[in-house]
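Only the coordinates and a few stated rules stand behind these numbers; no lab work does. The structure presented is a predicted model; accordingly, all values stated were derived computationally and were not measured. Counting neighbours? That spans all protein chains shown, and the Cβs are built from the backbone with ideal geometry, glycine included.
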Amino acid sequence: MQDKLNLMIPGPTPVPENVLSCMSKHPIGHRSEDFQKIVQKTTEQLKWLHQTTADVLTITGSGTAAMEAGIINTLSKGDRVICGDNGKFGERWVKVAKAYGLDVTVVKADWGKPLDPNQFKRILEEDTNKKINAVILTHSETSTGVINDLKAITNEVKNHGKAITIADCVTSLGACNIPMDQWGIDVIASGSQKGYMIPPGLSFVAMGKRAWEANNQSNLPKFYLDLKPYLKTVNKNSNPFTPAINLYFALEASLTMMEKEGLNNIFKRHARHQKATQEGIKAMGLKLFTEEKYGSPAITAVEPENIDAEQIRKVLKTDFDILLAGGQDHLKGKIFRIGHLGFVNDRDIISVISALESTLYKMGKLNVPIGQGIAKTISILNKE
């Protein structure tokens, strides 16, 4: 049967039917009063999601646009920054920073391992002349399923006194607790196609007070991603350019759903699905790529030993119409990634674990009694 694709990747994520229905409405004028009401409502909802009183700005673009905007609106050419690099996206921010002529110190960790907050602490403490302007890092590293200790690293940045934190929270916002104001994060970037439960096309930049202070000194080139016009217009419930109107319809619907569920319930659901997925994987004899205590609530990366991960993905897609994500760069064929963020329920978790177990059995690679993996997953879902 065709057209029953089940997206179990870390983005794009499944979209609720009512959100899709909202997108099918006829567009309205982006300078109209009706659209201004939507901007006003979604702006307040975005502040709720970020747990902040700071400005949260909406850009028509991807999560990369949001991160680039955060960098170029707070820094100047030649500024010294620290970039955390323990995966594909940390690696990307190093490239973006260097492309804009920043002086980059890289804190690295092996793919599948978390960044060490003590390395940031040492570099920041050694900077007695306060030459470091920013620390740039990814919270949930989508390429490996690792979650970095954003709270601890941000605390070290605050102790420095001058540097700001610019955080990629693309696959963590809406999946786990990120209290922007409480932790003192200066810039948070995210994208619509993850925990927001809507299609790709919108990105969000939350800018705190210290970020705007840094903005006053920034001289990096910018036009479409210049956040000052976004701030000016959002205060008038508008946008400096033509926005993705129908995605705003979707955003309002999805954020309203999230408000109804409540932040704590959203976080508990993601943690529960993470545990059920991890335990099911282990019970069927597979190895987690990332240690459990460092695993992201949005993604579980699996490292099947002596099995081609791409072949597993192929059989799952062919037999069950379930799409998993593969490994990137040197991890291609070595890992696969299960996304469990956004509009995901117990049925989705049960489906992917049972289908994966069936696939291994068909391939002759299941080294434990069949049913052991799904039984463990069900027991976790029923217990949690």
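Odds and ends about this structure:
- Förster-model FRET efficiency, 25 Å R0, residue 33 and residue 241, C-beta, rounded to 0.05: 0.85
- Residues residue 108 and residue 217, FRET efficiency given R0 of 41 Å [Cβ-Cβ distance, rounded to 0.05]: 0.90
- Distance violations [Cα-Cα > 21 Å] among 293/317; 131/228; 275/365; 334/365; 293/362: 293/317; 131/228; 275/365; 293/362
- Rough spin-label spacing in nm, given labels placed 7 Å along Cα→Cβ, for residue 323 and residue 361: 2.7 nm
- Non-local Lys pairs in region 17-106, i.e. 8 or more apart or on different chains, that have alpha carbons under 19 Å apart: 6
- Degrees separating the helix 346-362 axis from the principal Cα axis of the chain, which is the longest one: 50 degrees
- The residue list 106, 284, 315 was ranked by how far each Cα lies along the charge dipole of the chain toward its positive end, using unit charges on Cβ atoms, and 106 comes out on top.
- Of every Cα-Cα pair in region 1-66, the percent that sits beyond 20 Å: 51 percent
- Summarising the amide proton neighbourhood of residue 322: residues at separation of 5 or more, or on other chains, whose placed amide H is nearer than 5 Å comprise 6, 317.
- Share antiparallel - DSSP beta bridges, the chain, percent rounded to 5: 50 percent
- Rg to Rh, two decimals, where region 126-246 supplies the alpha carbon set and Rh follows Kirkwood: 0.98
- Formal net charge of residues neighbouring residue 164 (Cβ-Cβ distance under 9 Å; K, R +1; D, E -1): 0
- Under the criterion of Cα pairs below 8 Å and six or more residues apart, the relative contact order for region 17-260 equals 31 percent.
- Fewest-first ordering of 330, 160, 273, 50 by other beta carbons within 10 Å of each residue's beta carbon gives 330, 160, 50, 273.
- The packing ranking of peptides 298-305, 139-146, 56-63, 178-185, highest mean first, is 139-146, 298-305, 56-63, 178-185, where packing means the average number of other beta carbon atoms within 10 angstrom of each residue.
- For region 263-383, diffusion coefficient by Stokes-Einstein and Kirkwood Rh (Cα), 37 °C, 0.692 mPa s, µm²/s: 231 µm²/s
- Model label zone, residue 263; criterion: amide N under 18 Å from point 7 Å along Cα-to-beta-carbon; scope region 323-348: 342
- Once the Cα atoms are used to define both axes, helix 309-320 deviates from the longest principal axis of the chain by about 70 degrees.
- For region 161-209, a Kirkwood hydrodynamic radius built from all Cα pairs, placed in the Stokes-Einstein relation at 20 °C and 1.002 mPa s, yields a translational diffusion coefficient of 189 µm²/s.
- Using the Cβ of residue 375 as centre and a radius below 12 Å, the other residues enclosed give a net charge of -1, where K and R count +1 and D and E count -1.
- Diffusion constant of region 237-311 at 25 °C, which comes from Stokes-Einstein with the Kirkwood Cα-pair radius and 0.890 mPa s, µm²/s: 158 µm²/s
- Over region 209-248, the fraction of Cα-Cα pairs per 10 Å bin, rounded to whole percents and listed from the shortest bin up, is 25, 48, 24, 3.
- Selection from 29, 90, 142, by position along the positive dipole direction of the chain (Cβ): 29
- Point-charge dipole on Cβ atoms (K/R +1, D/E -1) for region 263-383, about Cα centre, debye to 20: 260 debye
- At q = 0.14 Å⁻¹, base-10 log of I(q)/I(0) for the chain (Debye sum, equal scatterers on each alpha carbon): -1.18
- Euclidean distance between Cα centres, region 150-179 to region 36-101, Å: 12 Å
- Note on region 189-331: Cα convex hull, mean projected area over all directions, 13.0 nm².
- Count Lys and Arg as plus one, Asp and Glu as minus one, and take only other residues whose Cβ is under 15 Å from that of residue 304; the net charge is then +4.
- Per-residue Karplus couplings for region 253-270, computed as 6.51 cos²θ - 1.76 cosθ + 1.60 with θ equal to phi - 60°, are listed in order as 5, 5, 5, 5, 4, 5, 4, 5, 6, x, 4, 4, 5, 4, 5, 5, 4, 5 Hz, Gly and Pro entered as x.
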